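**Student:** I'd like to ask you about the structure that follows.
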Amino acid sequence: MITTELLNIASSICPERVAVSSEGIKYTYVGLSERVDRLAKSLLGLGVSKGDRVAFLQVNCSQSVETYFATATIGAIYVPLNYRAKAQELVYILNDTEANVLYIGERYIDLVNSIIDNLTLKPALISLEKRHSGMPYYEDLISSSPLGDISAELNPDDTTVLLYTAGTTGLPKGVLLSHNSFTIYILENVDPADPEAHETILISVPMYHVAGMQAMLVSIYGGRTIVMERQFQTEESMELIESEKVSRAIVVPTMLKQIIDYPDFAKRDLSSLKVITYGAAPMPIDVIRKAVELLPGVSFINAFGQTETSSTITMLGPEDHVIEGSDEEREIKLKRLSSIGKALPDIEVKVVDQDGKGLVPNKIGEIVARGARVMNEYWKGEKLDKQIIDKDGWIHTGDMGYMDADGYFYLAGRSSDMIIRSGENISPAEIEAILLSHAKIEDAAVIGIPDEEWGEQPLAIVVLAREESSSADEIIEYCRSKIASYKKPRGIIFVNELPRNPMGKVLKRELREKYENYFISTKTESGD
Amino acid sequence: MSNLLGKRYRCKVCGTEVLCTKSGDGEVMCCAEKMEQVTPRPIPSSD
C-alpha cells in the first residue's frame, strides 16, 4: 500500500481531529491533507518529479510531516537529514543523495550557505520559517499553490524514504525504504483511525531516525494527534505530556531515565500517559523497574529493530512488564524484563551461528531477520555486503543474542564495533578517520565503553606523532568541530602503541576489556 | 447492522479485511456472507 493512503484514510474517518500540534500550531486531518496537497503542487512547480530526492534539515516540526506526505504524493524520495550533523557530514550526505530540493530550518540557514559551493548538485533551497532573499518561503509556496488531484503513478515497492545510518566502514549509508516497508508493518500491527478512540502521541525521537518516521506514519494511520517536540528536553517533554494530555510516548532508555530521575518528577501530572515504547538501545533493568513502579498506569513496550528492517522486529509487551504471581512466575518475569520480546507476526527472526545455521534455544549467536519490509538495497545500488544480507534474504542485525524456549529474544553484545550512545549509532571508523586527520596524531582506535546514563560512550585510544604533545581537551574539541557533537570521544587515552594482531588489526576487544570501567571511574559530561 | 465509519470487517471464509472510510446503510459481503466487525487489538502497537 502507498503511504499517502494512510493520511487519506484518517482524513476520511476523523477529518476534524487535530493531526499534528507543534509550537502552538495545530492542524486537523483535513487541514493537514489540504496543506500537503498544495505543498505537493509546489514541488511539481519546482520541477521535482518521481524518484527525485527531497531533503529536509530541521528539528522535529509539523512541516516534516507535511513535507514527507507531499514528497510521497508525487513519488519523490524524502531524505530527513541528521540535524546534529556538521558541515563536512552534510556535504557528504547531500552529495551522495544528490538532493534536488532542500528544506531548511532557520537555525541551519548559515550552515547550508557555508557549504552550498561544495555541493556537486545544488538543490533548490526552501526556507521553512522566515522569508530570505533568493529562497522561496515554505508558507508562500503553500498559500500560492492550488488544490486538486495529482495523478502520479505510484507503486508500493517504490522507494519513499532514504535514511542515512552509520556504516561499519565509517561513511554513512543510505537505506532505501519503500512504501511497503512501512505499510506492511502498519497494516499488520496497528489499529486504524476510529471515531470512538483517540490517542495523543509525543514524538521527540528525531524524524531522521526510522523510529521517528515509523511513529509518525503509524500515528497518522491511527488517527492520533501527534505532538511534535523539536528535540527531547526532559522538562519540556513533561510539560507537553501534561498540557497536551499525551497518552503515548516513544523514548530511548536515556530519555526515560532522565524523566524518572528529574527532581520535579513527583510534582508532574503524567496521568494521561497510557503507553510508553522504548528501544534503540539496551534498557538498564534498574531503570525500567523504577519506571514501572513510578508510572503505574502505563503499559510499557520494548521495541527492537533497526533502519534496515523498517524499525520494529521484536516486541516485549505490557504484560511482560507486570512482575506478579508466584515466586517462580516473578523470577521468570524479572528475567524477561531484560528481553527484547518476541518476533512480530509479519517478520521472521532467529539466531544463527557464524555459518548462518540456526541455533537451538539459549545458544548465543547473531540475531537475523527476514520479511517483506526488510531493506534489499542501499542507495545507488551500493553492493550489499553478504555479511549484511545473506543469500537466503536474512538481514544480519549485528546484534548478538539468544532466544529462550518460549520464543523471547535476549541481547548479548554486538558482532560489530558499532557504538550505540543513547540510541544513536556511532561508527568508530568515522571517528578514527577524523582523529587520524589531526596533524599530531599518528594512530588511533575508538571503542564503545559502558556508561550508566548513555548506554555507551566513545573512548579514543590515541598514539601521538613523535615529539608531539597534546591534551584530551584539544583532541575532543578538534573532533567536535568536524562531526556531530554526540559522536565526539568522551575521553582520550594516550598510549605509545595500539595492540594489534599479526595482520595489523587493532585488538579492540583487548582495549574494551582494559578500559571497560573508564566511564564508571571518570565522571563524564552530559552535554552534546 | 450498517457499515460503521473507521471499523474493519473480516470475511470468515477467505480472511479478507476491509476498512470503512465512509459509512452507509449497506452491509459488506464477501464469499456470499456478511463480513464480521473486527475488534481493536487487545495489545497496543509498539509505535
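FYI, it's all coordinate maths here, none of it is from the lab. For clarity, every value in this text was computed on a predicted model and none was experimentally measured. No Cβ is skipped: glycine too gets one built from the backbone with ideal geometry, and neighbour counts run over all protein chains shown.
**Student:** What is the distance in Å between the Cα centres of segment A:450-464 and segment A:265-295?
**Tutor:** So the two Cα centres are separated by 26 Å.
**Student:** Take the eigenvalues of the Cα gyration tensor for segment A:263-349, scale each by 5, and report the square roots as semi-axes in whole Å, largest first.
**Tutor:** 23, 18, 11
**Student:** Count charges around residue A:501 for me, please; just the other residues with Cβ under 11 Å from its Cβ, Lys/Arg as +1, Asp/Glu as -1.
**Tutor:** +3
**Student:** What's the extension gain from residue A:34 to residue A:242 if we count 0.36 nm per residue and subtract their Cα-Cα distance?
**Tutor:** 71.9 nm
**Student:** Further question: Under the definition of partner shielding as Cβ atoms of other protein chains within 10 Å of a residue Cβ, what is the mean value for peptide A:306-313?
**Tutor:** 1
**Student:** While we're on this one: Please identify the DSSP H helices in chain A that span no less than 18 Å along the helix axis (Cα) and have a mean Kyte-Doolittle hydropathy of -0.5 or more.
**Tutor:** A:29-45
**Student:** While we're here: Across the residues of A:180-192, average count of Cβ atoms on other protein chains within 10 Å?
**Tutor:** 3
**Student:** While we're looking at this one, here's another question. How big is the charge dipole of the protein assembly as shown about its Cα centre, in debye rounded to the nearest 20, if each Lys and Arg gets +1 on its Cβ and each Asp and Glu gets -1 on its Cβ?
**Tutor:** 480
**Student:** Testing the spin-label approximation: label points 7 Å from Cα along Cα→Cβ at residue A:404 and residue A:5. State their distance in nm.
**Tutor:** Placing both labels 7 Å along Cα→Cβ, they lie 3.9 nm apart.
**Student:** Once you have the Cα-Cα distance between residue A:88 and residue A:442, take 0.36 nm times their residue separation minus that, and quote the gain in nm to one decimal.
**Tutor:** Residue separation times 0.36 nm, minus the Cα-Cα distance, leaves 125.3 nm.
**Student:** Of A:350/B:34; A:290/A:487; A:173/A:440; A:257/B:7, which sit over 31 Å apart, Cα to Cα?
**Tutor:** Pairs exceeding 31 Å: A:350/B:34; A:257/B:7.
**Student:** Mind listing which trypsin sites (Lys or Arg not before Pro) in segment A:255-306 are in a DSSP loop and have 11 or fewer other Cβ atoms within 10 Å?
**Tutor:** Counting only loop positions with at most 11 other Cβ atoms within 10 Å, none of the trypsin sites (Lys or Arg not before Pro) in segment A:255-306 qualifies.
**Student:** Another one. Quick one: net charge around residue A:286, please, counting Lys, Arg +1 and Asp, Glu -1 for every other residue with C-beta under 15 Å from its C-beta.
**Tutor:** Charge balance in the 15 Å sphere: -1.
**Student:** What order do you get for A:22, A:181, A:33 when you list them from fewest to most C-beta neighbours inside 10 Å?
**Tutor:** Ascending Cβ contact count within 10 Å gives the list A:22, A:33, A:181.
**Student:** Of A:136, A:506, A:263, whose Cα points farthest to the positive end of the dipole of chain A (charges on the beta-carbon: +1 Lys, Arg; -1 Asp, Glu; origin at the Cα centre)?
**Tutor:** The listed residue farthest towards the positive side: A:506.
**Student:** Of all the C-alpha pairs in the protein assembly as shown, what % are more than 46 Å from each other?
**Tutor:** 14
**Student:** Stretched out fully, how many nm does the piece from residue A:16 to residue A:132 gain, at 0.36 nm a residue minus the Cα gap?
**Tutor:** 38.4 nm
**Student:** On average, how many beta carbons from a partner chain sit within 10 Å of the beta carbon of a residue in B:34-46?
**Tutor:** 6
**Student:** With just the Cα atoms defining each centre, how far is segment A:299-334 from segment A:27-90? Give it in Å.
**Tutor:** 35
**Student:** Can I ask one more? Looking at segment A:31-77, which trypsin sites (Lys or Arg not before Pro) are in a loop (DSSP not H, G, I, E or B) and have at most 13 other Cβ atoms within 10 Å?
**Tutor:** A:50
**Student:** Follow-up question, since we're still on this one. Using DSSP to call loops (not H, G, I, E or B), can you name the trypsin sites (Lys or Arg not before Pro) in chain B whose Cβ has at most 14 other Cβ atoms within 10 angstrom?
**Tutor:** Hits after loop and neighbour filter: B:12, B:22.
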